[in-house]
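Peer 1: Here it is, the structure in full.
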Amino acid sequence: MRARWALAAAGLSVELREVVLSGKPAEMLAASSKGTVPVLIDVDSRVIDESLDIMLWALRQRDPARWLVPQGGALDDMLCLIAQCDGEFKFNLDRYKYPQRYGIADAKAHRAVAMNYLLSLNARLQTDAYLFGDHPSLADIAIAPFVRQFALTDSTWFNQQAWPALRHWLDELIESPMFALVMTRHLRWQPGDVPVYFPEGSRDSVWPVNGPVPRQHQLTQTRR
Ligand SMILES: N[C@@H](CCC(=O)N[C@@H](CS)C(=O)NCC(=O)O)C(=O)O
């Protein structure tokens, strides 16, 4: 989701290949043997198979919303907060969300550890609407999809916690039109299919309104 979000914000167009993780296509594994999504293949055949790297790849080409240059910090500060999300927070989120998959009896212990990170985000959001100032940045977009997963795991409990600023931040981001675009579902890709583009229709139209679609790239995305 965060890779798509950055591509959309950058105004880049990709050929999108939706995959089902239980039946990964050979073409995907040939590009990246890691077997995780997303995988992006650039026009020069370079493969980028980490979502954060895809975000940076997109935003370093075009960054009209200035996601890489927030007022409240530098890129390294954002990468540090994102690393905590992708590391310890994600570790505990996965175990809170899928205790059976990890053979875990006490999912709430993982929820409790993950909470510390969310409380630190809530503290940052006391003074500004977003993590690094008054407009969304790379950090907000890289982190929000995981906070959304955490919130959806037990939304009643999530909404009872004393983090109103965090809830407001999450709501603002996931209620944005850009998030709806990012969440659009696509049919599973199969060899020989007519190409599907993301954002939809972007191949033949000028999107977004402030500039032409620069190039075509290929992105494999996912569905379980
Ligand atoms: N660090 C990677 C993690 C990617 C990742 O783990 N993706 C999951 C889906 S959200 C996946 O592909 N899992 C492989 C599988 O379930 O077979 C990134 O953000 O790009």
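Peer 1: If Lys and Arg each add +1 and Asp and Glu each add -1, what is the summed charge of the other residues whose beta carbon sits under 11 Å from the beta carbon of Ala114?
Peer 2: Summing Lys and Arg as +1 and Asp and Glu as -1 gives +3.
Peer 1: Taking H as built 1.01 Å from N, whose amide H comes closer than 5 Å to the amide H of Val196, not counting residues under 5 places away?
Peer 2: Amide H to amide H, under 5 Å and 5 or more residues apart or across chains, Val196 pairs with Leu16.
Peer 1: Would you please state the base-10 log of I(q)/I(0) at q = 0.09, 0.15, 0.21 1/Å for the stretch 3-134, with intensities from the Debye formula using one equal scatterer on every alpha carbon?
Peer 2: -0.37, -0.95, -1.24
Peer 1: Calculate how steeply helix 107-124 sits against the longest principal axis of the alpha-carbon atoms of the chain, using the helix alpha-carbon long axis, and give the answer as 0 to 90 degrees to the nearest 10.
Peer 2: 80
Peer 1: Which value results when the Cα radius of gyration for the stretch 1-62 is divided by 2.2 N^0.38 Å?
Peer 2: 1.08
Peer 1: For the stretch 1-29 and the stretch 96-152, what is the separation of their Cα centres, given in Å?
Peer 2: 24
Peer 1: Within 10 Å of each candidate Cβ there may be at most 10 other Cβ atoms; applying that plus a DSSP loop requirement, which chymotrypsin sites (Phe, Trp or Tyr not before Pro) in the stretch 95-167 survive?
Peer 2: Counting only loop positions with at most 10 other Cβ atoms within 10 Å, none of the chymotrypsin sites (Phe, Trp or Tyr not before Pro) in the stretch 95-167 qualifies.
Peer 1: Still on this structure, I have one more. Using modelled amide H (1.01 Å from N, peptide plane; none on Pro or chain starts), what sits under 5 Å from the amide H of Ser13, excluding residues fewer than 5 places away?
Peer 2: Residues meeting the amide H criterion: Arg215.
Peer 1: Give me the net charge for the shell around Phe89: Cβ to Cβ below 13 angstrom, other residues only, Lys and Arg +1, Asp and Glu -1.
Peer 2: +2
Peer 1: Right, here's the next one. For the chain, what is the calculated [θ] at 222 nm in deg cm²/dmol (nearest 500), taking -39500 (n - 2.57) for each run of four or more DSSP H residues and dividing by its residue count?
Peer 2: -13000 deg cm²/dmol
Peer 1: Could you tell me how many degrees, from 0 to 90 and to the nearest 10, lie between the Cα long axis of helix 75-84 and the main elongation axis, the longest principal axis, of the Cα atoms of the chain?
Peer 2: 70
Peer 1: How far is it, in nm, from the label point at Asp154 to the one at Arg185 when both lie 7 Å from their Cα along the line to the Cβ?
Peer 2: 2.7
Peer 1: In nm, to one decimal, how far is the modelled label at Leu79 from the one at Val43, with both set 7 Å along Cα→Cβ?
Peer 2: 2.6
Peer 1: Here is a follow-up. Taking the Cβ-Cβ separation of Asp134 and Ala109 as r and a Förster radius of 41 Å, what is the calculated FRET efficiency to the nearest 0.05?
Peer 2: Taking R0 as 41 Å, the efficiency between Asp134 and Ala109 is 0.70.
Peer 1: Using the Cα atoms of the chain to build a convex hull, what is its mean projected area in square nanometres?
Peer 2: Average projection, Cα convex hull of the chain: 12.8 nm².
Peer 1: Still on this model: Taking 7 Å along the Cα-to-C-beta vector as the label spot, tell me the Asp53-Leu68 distance in nanometres, rounded to one decimal.
Peer 2: 1.6
Read-outs throughout are calculated quantities, based only on the coordinates presented, and are distinct from any laboratory measurement. Quick caveat: nothing in here was measured; it's all calculated off a predicted structure. All Cβ positions, glycine included, derive from the backbone under ideal geometry; neighbour counts span all protein chains shown.
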